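Just below is one structure, and these are the notes that go with it.
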Amino acid sequence: MSAEEISELIDLYLKGACSPAQKELVTQWYEKHSVTDHEFYNGDTAQLRGSLEKSLSGLREKINAANDQVEVPVKKVWPKRLIAAAILLISCSAALLFYNNYQSRSANFYANDIAPGKNKAILTLADGSKIALDDAAQGEIASQSGIKITKTTDGQLVYEINPSRNTASKATVYNTISTPAGGQYQVKLPDGTNVWLNAMSSLKFPASFAGLEERRVTLTGEGYFEVTKLEQEINTRDRKTRRVPFFVVTNKQEVEVLGTHFNICAYSDDNMTSTTLLEGSVNINRSTLLKPGEEAVNSGNSILVKDTDTEEAVAWKNGKFKFSNENIKDLMRKLARWYDVEIIYDGQMTNKDFSGSVPRFAHVSKILDVLQSTNTVHFKVEGRRITVMP
């Protein structure tokens, strides 16, 4: 959408002349470019309308000032480049101002603050021994079945064939990497597949995929996968190969993938398991094919496929919380996992949904302040307990 079209749409919105489809376009633009990087609006368009009015007013002032400076002798025209620059400037300024305001207020609201989660996990080897990855030094941390396990400088766990210790047996041995509340971790599997684990998640996988007819891992919680294609030679003389399928098993489903990027959210305390495809293709329970940009929501009894915002699904991996029409209890459950806190509800909660995004690596007070600014919910923080009140 061009800058002129954006400006015209905002004008129509403020005059109440937008069609439903145009209103949706304005909301999408606002969520992407304006103060919702640090702010929630809860379905009441008053806050959205006020911010749009400020943005449009500031936009016009910037454009007019720029045109005055260049002394255009004819009717003033809004160049696309100037409009786009002004929109960006206004959006950034508004977001920074709002962030600074709630940053200065937070100390007055809560007796203590809680730091965000970080890279930490436990690796359980096939023999039952456990390694705390956040405490382990960089470099090789273990070796088994001809596989060297290394912790990199950026905290990633890497499995690779170790030629000097190639003692692989025919028996398949399994490792498990688990993240606690307030933890996340990235692991590179023996086949080169990259997996990011969210808080309170675990992944069980073979220490080596060599000689296996299929690659099968088991996930609890949430994980983002970038699966590497793998082929196996089946006829040496003719050099025929077959692809080695990759399966992700959760409590409700089995997902078959081939060289693809996708996210699975399968927490035991969530009613649904969601699978979001960013690239490639996946087959759920051998019956439901997904295309990029689609999400499958599995209740255990049925699977609903719909178009979705893939950025929202993987926001956690990219350092953000991003919510779209989410109720307060679902939202707080995600905060509880990341900040390792207990959530208590006191009173009748709002039935309004929340949309917006906030940084994932901010202290919890910053996010609570933003939610509290909607005037529909309030908080009390005591130790690692957050009480939610109307």
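For the range 118-318, what does the accessible surface come to per residue with a 1.4 Å probe? Please give it in Å².
Using a 1.4 Å probe on heavy atoms only, each residue of the range 118-318 averages 48 Å².
For labels at LYS329 and GLU140 in the simple 7 Å Cα→Cβ model, what's the distance in nm?
5.2 nm
Quick one: pull the percent of accessible area on the range 118-318 belonging to carbon and sulfur, 1.4 Å probe, ligands and nucleic acids left out. Present the calculation step by step, with values, prior to reporting the outcome.
Numbers: 4400 of 9720 Å².
For the range 118-318, the apolar C and S fraction of the accessible surface comes to 45 percent.
Measure off 7 Å from each Cα along the Cα-to-Cβ vector at LEU258 and ALA181, then give the distance between these two points in nanometres to one decimal.
4.2 nm
Considering only protein heavy atoms, what is the solvent-accessible area of ARG333 at a probe of 1.4 Å, reported in Å² to the nearest 10?
70 Å²
Quick one: which residues, 5+ away or cross-chain, put their amide H under 5 Å from the amide H of ASN175? H built at 1.01 Å from N.
Answer set, sorted by chain and number: PHE205, ALA207.
Which shape class, rounded, prolate or oblate, goes with the range 118-318 when its Cα gyration tensor gives a ≥ b ≥ c as root eigenvalues, a/c under 1.5 marks rounded, and past that a/b bigger than b/c marks prolate? List each step's numbers first, then the result.
Values: a/c = 1.96, a/b = 1.20, b/c = 1.64.
Oblate, since a/c reaches 1.5 and b/c is not below a/b.
The values are calculated or read from the model by the stated rules, or taken from the named source; none is laboratory data. The structure displayed is predicted, hence computed values, not measured ones. Here the Cβ is made from the backbone with ideal geometry for all residues, glycine too, and neighbour counts use every protein chain on show. What goes into the accessible areas is simple: the full protein's heavy atoms, side chains included, and nothing from ligands, DNA or RNA. Shrake-Rupley method; radii C 1.70, N 1.55, O 1.52, S 1.80 Å.
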